[in-house]
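Comments concern the structure below.
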C-alpha cells in the first residue's frame with residue numbers, strides 16, 4: 001500500500017526483517033517508535049498502525065519476531081508450542097539492544113527520543129525491554145502485561161500445560177526477567193497502559209496489579225496512566241491509537 005507523505009522501507013537491522021516508516025520531510029534526527037507485533041501476527045499486519053504513527057511525525061520501526069513473518073511460521077495454537085511464546089519474547093529482549101543501536105547509527109533515530117510499544121505479545125516484549133534498558137524514553141502497552149509470572153500462571157492453567165523440564169526452565173527465566181521484579185528501573189519513566197476490560201486472551205488482572213504496584217513508587221503521578229475499555233476484548237481500537245498519539249506528543 002502506498003502512503004502519501006510517508007517513506008516506507010523494507011530493511012534488516014541486526015539481521016531482523018523490519019518495515020521502517022518515516023515522514024518524507026526530514027527535520028533533523030527522528031523521534032522513533034519501535035512497535036512489536038503480537039503472537040501469530042507480523043510486521044506487515046501492523047503497517048497501518050505504523051502509518052498512523054508516522055503520520056504524526058514519528059519514525060516507526062516494525063520488526064518481525066522469530067517464527068513470524070519473514071522469520072518463519074509454526075503451528076501457533078498447538079499445545080506443544082505454548083512455551084514458544086516466551087522463547088519469542090526472550091529473543092526479542094536479546095535482540096533489542098542491537099536493534100536500537102542500529103536505528104541510532106544507521107537511521108537517524110534520536111537516542112533521546114525513542115519509544116517502545118506493542119500489542120499483546122508485543123506488549124510483553126516492549127515492557128520487558130523497557131525494564132532492562134533505560135535508554136528508551138517512554139512505553140505504551142496495548143493489551144500486554146508487565147506482570148509476567150502472574151500472566152504465565154494463567155496461561156499454564158488455561159492451557160493445562162504440564163510442567164515438563166523445558167517449561168520449568170522457561171518458568172525460571174520468566175521469573176528472572178519479570179518487569180515486576182525490576183520496578184526500580186521503571187519508576188518515574190513515562191508509561192501508558194491500554195487494555196480491554198473483557199480481554200479473553202491476555203487477562204487484565206496481572207496488568208492491573210503491575211500498574212497499581214508501580215504507580216505507588218512514582219513521584220510524578222502524571223508519568224504513569226492506565227486506561228481500560230469496557231466490553232472490549234483483545235483488540236486495538238481507534239481510541240487506543242488516539243490515546244497513544246496524545247501520550248507520545250506529550251512525552252516523546
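Taken together, the values in this text are just the output of simple stated rules run on the coordinates, not laboratory data. Computed from a predicted model, the values in this text were never measured in an experiment. Positions of Cβ are backbone-derived with ideal geometry, glycine not excepted, and every protein chain shown enters the neighbour counts.
Has segment 185-203 got at least one residue that is part of a helix (DSSP H, G or I), without any contact (Cβ under 8 Å) to a residue 60 or more places away in the chain and within 18 Å of the chain's Cα centre (by Cα)? Checked segment 185-203: at least one residue is part of a helix (DSSP H, G or I), without any contact (Cβ under 8 Å) to a residue 60 or more places away in the chain and within 18 Å of the chain's Cα centre (by Cα).
Scanning segment 232-249 for residues that are part of a helix (DSSP H, G or I) and in contact (Cβ under 8 Å) with a residue 12 or more places away in the chain yields 240, 241, 243, 244, 245, 247, 248, 249. Between 83, 123, 118, the distinction of being farther than 16 Å from residue 205 by Cβ and either buried (at least 23 other Cβ atoms within 10 Å of the Cβ) or touching a strand residue (DSSP E or B) at 6+ places or on another chain (Cβ under 8 Å) (or both) belongs to 118 only. Taken over segment 1-16, residues that are loosely packed, with under 11 Cβ neighbours inside 10 Å and farther than 19 Å from residue 109 by Cα amount to 3.
What is the residue count in segment 72-130 for residues that are under 19 Å from residue 45 (Cβ atoms) and in contact with a helix residue (DSSP H, G or I) (Cβ under 7 Å, 6 or more places away or on another chain)? Of the residues in that region, 12 qualify.
Of the residues making up segment 21-52, those that are crowded, with 23+ Cβ neighbours inside 10 Å and in contact with a helix residue (DSSP H, G or I) (Cβ under 9 Å, 6 or more places away or on another chain) number 10. Among the residues of segment 204-234, those identified as exposed (fewer than 14 other Cβ atoms within 10 Å of the Cβ) and within 19 Å of the chain's Cα centre (by Cα) are 227, 233. Flag not set for residue 145, criterion: part of a helix (DSSP H, G or I) and either touching a helix residue (DSSP H, G or I) at 6+ places or on another chain (Cβ under 6 Å) or in contact (Cβ under 8 Å) with a residue 24 or more places away in the chain (or both).
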